[in-house]
Amino acid sequence: MKALSLAFLLLPALALSSSPPPGRISALIIPMDPSSESSGVQMEGFMNDALGNFANYSVKKPRDLFGLPDDAAAQASLQRAKKGFEESAKAFEAREYEDAERKVRATLKELDGSVAAMRSCFPLCDALAMHGAILQLRGDVEEAKLLLMDLMALNPTFELSPKRFSREFIGLRAQVATSRTAQLRGTATFKSRPAGARVFVDGEAVGYTPMTVPALPVGKHLVRMERPGFRQFGQIAEVTPDDMEVSAALVPTATYKAYDVQLDKVLGDMSRPSDKPANAVVALGKSLGLDRTLVGTVRVIPERGTELAVGLFDVKSGKRLGSKRLVLQGDEYGQLKLEMERVVNQLINTEGEKVLKVRDPLDGKSGAEDWSSEDRGGQRKQSEKRQSGDDPLDSMSGTEDW
């Protein structure tokens, strides 16, 4: 009986000490014009990253909500190419060069359709090196040089193993690397429909469509584009001293199509008074399995900047808990990420509606502000509760304005 009584006494304390159940939340930004599609995707990403600072929320990013499916045909092509390269390598090591060339050519052809599934230069770089070595052995030195140019454009640090390749071929690679042709650069422009796809060149993220990379080495490059809710796109691009363009028509998933159908109704909720239930937002949030959501619209205003209007909604009740409106002036200094973090922190930590025009993130700052004043994830509020108040310097950072 005593143990049972003690358990009943502990129940209230346990209930008080337990944290509230985590809520599923996501930031969703709707572009209002083609010019704002790319910036909208970036804002959405920065907001979801900022939501991750709040311990009581489980953030569902667009990738989680809409998927980022692989290209099944590219995956199958990559598997065939890997098998083909293994057979080519066996024939090459057995000095059966005619058979090795036939198989490596088939491998390279298969790799043309597998870029969307490739996450490294293997086996493309290895196949190019092997094909070049076969051509050099056969006496086709100029063709071998062209393949080495492609190899160095894809991976400048690719190592030619002396166990597999002759000293003459390794020396030919060094000769090509110091040639004038190897110093040539070209401009590549990347576009997608819809815009806002993340671009990877040779495995490195370079930005979001539409965008231009001004100085890529001439030769072949692996180009991959991805945007949550769409099938991944890949292509081997040939960069020349002239301008080059890669355009992709992205294929949406069924989940994204269903989401896109609901957006017109959601826009109506965004313009309604805050005391009216946001039924369309509720329907959207429930279809995506969310408890709360940040829904925003972004549009370009000529001669003013990019306007962002965003609201925090409770999916269960349909109530708008807060909203903000900003006009942003570009992202030349990387201030977009900071501004999106501020929007999220203020909406989650406080309620109400404000209109801000943001030109310079340092406007109104003296340089002596407390860097922790943004209260990321509500951490400052928790620390204030723990302060005893016995020390007169409590809550002072040493950076206050004298």
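One residue stands out in segment 159-185 among those that are touching a Pro at 6+ places or on another chain (Cβ under 9 Å) and open to solvent by 80 Å² or more (accessible area, probe 1.4 Å): the one that is nearest to residue 202 (Cα to Cα), namely 185.
The residues listed here are 123, 156, 214, 210; of these, the one that is of a type outside the set (Gly, Ala, Ser), farther than 18 Å from residue 85 by Cβ and either free of Cβ contacts under 8 Å to residues at least 24 places away in the same chain or surrounded by 15 or more Cβ atoms within 10 Å (Cβ to Cβ) (or both) is 210. With respect to the conditions (1) out of contact with any Asp or Glu (no Cβ under 9 Å at 6 or more places or on another chain); (2) within 30 Å of residue 137 (Cβ to Cβ); (3) among the β-branched types (Val, Ile, Thr), residue 218 lacks only one, and its number is (1). Taken over segment 250-303, residues that are over 24 Å from the mean Cα position of the chain (by Cα) and closer than 17 Å to residue 40 by Cα amount to 6. Taking the listed residues 299, 325, 292, the one that is basic (Lys, Arg), within 25 Å of residue 55 (Cβ to Cβ) and either open to solvent by 30 Å² or more (accessible area, probe 1.4 Å) or out of contact with any Gly (no Cβ under 6 Å at 6 or more places or on another chain) (or both) is 292, with no other qualifying. If the condition is being over 16 Å from residue 309 (Cβ atoms), open to solvent by less than 20 Å² (accessible area, probe 1.4 Å) and part of a helix (DSSP H, G or I), then segment 39-54 contributes 48, 50, 51. The set of residues in segment 285-330 being part of a loop (DSSP other than H, G, I, E, B), within 21 Å of residue 31 (Cβ to Cβ) and free of Cβ contacts under 8 Å to residues at least 40 places away in the same chain consists of 302, 303, 304, 329, 330. All told, residue 312 falls short of being buried (at least 20 other Cβ atoms within 10 Å of the Cβ), of a type outside the set (S, T, N, Q) and within 30 Å of residue 189 (Cα to Cα).
The values are calculated or read from the model by the stated rules, or taken from the named source; none is laboratory data. Not measured: the values here are computed from a predicted model. All Cβ positions, even for glycine, are placed from backbone atoms using ideal geometry, and neighbour counts span all protein chains on display. Note: areas computed on protein heavy atoms with side chains; ligands, DNA, RNA excluded. Shrake-Rupley method; radii C 1.70, N 1.55, O 1.52, S 1.80 Å.
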